[in-house]
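Just below is one structure, and these are the notes that go with it.
The values are calculated or read from the model by the stated rules, or taken from the named source; none is laboratory data. If you're wondering where the values come from, they're calculated on a predicted model, not measured in any experiment. Here Cβ is always computed from backbone atoms with ideal geometry, including for glycine, and neighbour counts include all displayed protein chains. Side chains included, ligands, DNA and RNA excluded: accessible areas come from the protein's heavy atoms. Shrake-Rupley method; radii C 1.70, N 1.55, O 1.52, S 1.80 Å.
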Amino acid sequence: MFDLTLAGAAKALKAKEISAVELTSAYNEAVAALNPRLNAYITTTPELALEQAKAADARLADGSATPLTGIPIAMKDLFCTEGVRTTAGSAILEPFVPPYESTVSGKLKAAGAVMLGKANLDEFAMGSSNITSFYGAVENPWKRQGSEAKLVPGGSSGGSAAAVAARIAIAATGTDTGGSIRQPAAFTGLAGIKPTYGRCSRFGVVAFASSLDQPGPMARNVEDNALLLNAMAGFDAKDSTSADRAVPDFTASLTRGVKGLKIGIPKEYRLEGTNPEILALWDKGIEWLQAQGAEIVEISLPHTKYGLAVYYIVAPAEASSNLARYDGVRYGKRVDGADLIDLYERSRAEGFGAEVKRRIMIGTYVLSHGYYDAYYLKAQKVRNLILKDFTDAFGQVDAILTPTAPSAAFGLGEKMDDPVTMYLNDVFTVPASLAGVPAMSVPAGLSADGLPLGLQVIGKHFDEETVFAVSAAIENAAGFSALPEVRAK
Ligand code: GLN
């Protein structure tokens, strides 16, 4: 039962081979058995899940079911869920129980999806390894061959990734600001898509960097992502940057193939010192697409080298302003002080973790008088050049292929001495975030020590369909079927 994909489970539910209550009960049990070890969920909601499963069975009986009805999923704990504790991985929100539902989680609910719990994440989604969560690190269910060392699942959607990889959720939601869906998907052998900025509503998603944040799905394969995105996407008047665009049926593009498509290979992504395994996988991806009739075109994205620097100015700047609202007065944790200022300071000092404080300080600095022009404004200008790189490239090609991350999953505790080493993880994912274009990670192979590696497909604004078509072609050719050792069986 745990090997069913979302599409497979939907079929089995429809054919009445299994009921939603049976499926959810099995998943509830698997969560109870494996979560104490993996820490993929911050909050589990087994009773709510069963209630939703009962309602799903009723819909499956009366014919009003959708492909998501009765599917047990994990919800990243950055989405506000009505009546269910929402932490954003931070101590400062405790004990926040939202009185409203985020648009995306609400859409999934309306489609009949069953929520197993709220998935762990880096605090306020800041990180690449899920080790900044106040609720503790998440363990990657994958192990290096012959080693029991604990590895990170990637981040910030690390709990979502670990849950789906370990089969304690069929699929999950994530959010991606600079790679937080794609990198953890790559580290855990999953497929995950960051849609075009504006495709999925940000309403009710705890804000990190508003001009970059984008919700999206994470699942076992490309098809499951298409099914989820069908339900998650769409215009929302409650989000001023939500795009008023029709949502196509993304599953229709899965069988389109890549014949005649032009696929760009950006030469600037061949960074010196990149792991040869990653480069070899990239070459394989190129061969697979070529063999299926795509034309490979070398392209240039000349401002790629500024991507990380720009991202780590813009994202902290927006974060410092978004996080100003956590003052100990209106939400969550309050630590009393001698006066109001003292209360603010104590609440924030105790409520935020080290990485969040670092970002607030960087952000406040680059926005402050005298430095604004030199850093923030300059970064915004270069961000525009990065966007222009993509616009120019998409004049020539239909999609772009790159690796997702510069390495496979690393050990818990590695890369922690210096934040910049951690930031380097995002080198291949941040440019698409800065440009707002859709990008998907597809599991494409294993490293020499048996860990999953992903390839990234980047598309034009609002052309997720081509991203899905190319990703499906890579998925078919790669035939990725390896499974992590730690999983529900
Ligand atoms: N790793 C990046 C960061 O730490 C991206 C995080 C994200 O996409 N939420 O900011």
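Here are some notes:
- Rolling a 1.4 angstrom probe over region 1-95 with all protein chains present gives an accessible area of which 57% lies on carbon and sulfur atoms.
- Projected label distance in nm at Lys381 and Arg325, using a 7 Å step from Cα toward the beta-carbon: 3.2
- Qualifying lysines (Cα of each under 21 Å from Cα of Lys14; at least 8 residues distant if same chain): Lys54, Lys107, Lys109
- Maximal additional length on extending the Glu287-Glu345 stretch stands at 15.3 nm, based on 0.36 nm per residue less the C-alpha distance.
- Sorted largest first, the principal axis extents computed over the alpha-carbon atoms of the chain equal 64, 53, 50 Å.
- The chain: antiparallel DSSP beta bridges as a percent of all, rounded to 5: 70
- The chain - charge dipole about Cα centre, Lys and Arg +1 at Cβ, Asp and Glu -1, debye rounded to 20: 260
- Remark: region 338-458 carries 42 Å² of accessible area per residue (probe radius 1.4 Å; ligands, DNA and RNA excluded).
- The mean sequence separation of alpha-carbon pairs under 8 Å and at least six residues apart, normalised by the residue count of region 63-197, gives a relative contact order of 24 percent.
- Under conditions of 20 °C and 1.002 mPa s, region 423-481 yields 173 µm² s⁻¹ as its translational diffusion coefficient, taking Rh as the Kirkwood radius over Cα pairs in the Stokes-Einstein equation.
- At an R0 of 45 angstrom, the distance between the Cβ atoms of Asp244 and Arg37 translates into a FRET efficiency of 0.50.
- Applying a DSSP loop filter and a limit of 14 other Cβ atoms within 10 Å to the trypsin sites (Lys or Arg not before Pro) in region 292-331 leaves Arg330.
- Among the protein heavy atoms of region 139-294, carbon and sulfur supply 50% of the accessible surface, probe 1.4 Å, non-protein parts ignored.
- Accessible area per residue for region 139-267 is 25 Å², calculated with a 1.4 Å probe on protein heavy atoms, without ligands, DNA or RNA.
- Sparse packing (at most 10 other Cβ atoms within 10 Å of the Cβ) combined with a DSSP loop state is found for the following GluC sites (Glu not before Pro) in region 241-295: Glu272.
- With each label modelled as a point 7 angstrom along the Cα→C-beta vector, the Glu29-Lys150 pair spans 2.7 nm.
- The accessible surface of region 347-489, taken with every protein chain in place and a 1.4 Å probe, is 56 percent carbon and sulfur.
- Alpha-carbon gyration tensor eigenvalues x 5, square-rooted, for region 1-103, Å: 27, 17, 11
- Kirkwood radius and radius of gyration were both taken over the C-alpha atoms of region 256-360, and their ratio Rg/Rh is 1.30.
- The Cα center of region 161-186 and the Cα center of region 330-400 differ in position by 24 Å.
- In this Cβ point-charge picture (+1 for Lys and Arg, -1 for Asp and Glu), region 255-362 has a dipole of about 300 debye about its Cα centre.
- Percent of alpha-carbon pairs separated by more than 19 Å within region 362-473: 58
- The dipole here belongs to region 1-147: it is taken about the Cα centre, uses +1 on the Cβ of Lys and Arg and -1 on the Cβ of Asp and Glu, and is about 340 debye.
- Of the GluC sites (Glu not before Pro) in region 452-489, those whose Cβ has at most 14 other Cβ within 10 Å and which sit in DSSP loop: Glu485
- Highest-first packing order for the peptide set 415-426, 434-445 is 434-445, 415-426, based on the mean count of other beta carbon atoms within 10 Å.
- Geometric extent, Cα atoms of region 180-317 - Rg, Dmax (angstrom): 17.2, 46
- Pairs from Lys388/Lys460; Lys267/Lys381; Lys267/Lys388; Lys259/Lys388 whose Cα-Cα separation, in the structure shown, is over 19 Å: Lys267/Lys381; Lys259/Lys388
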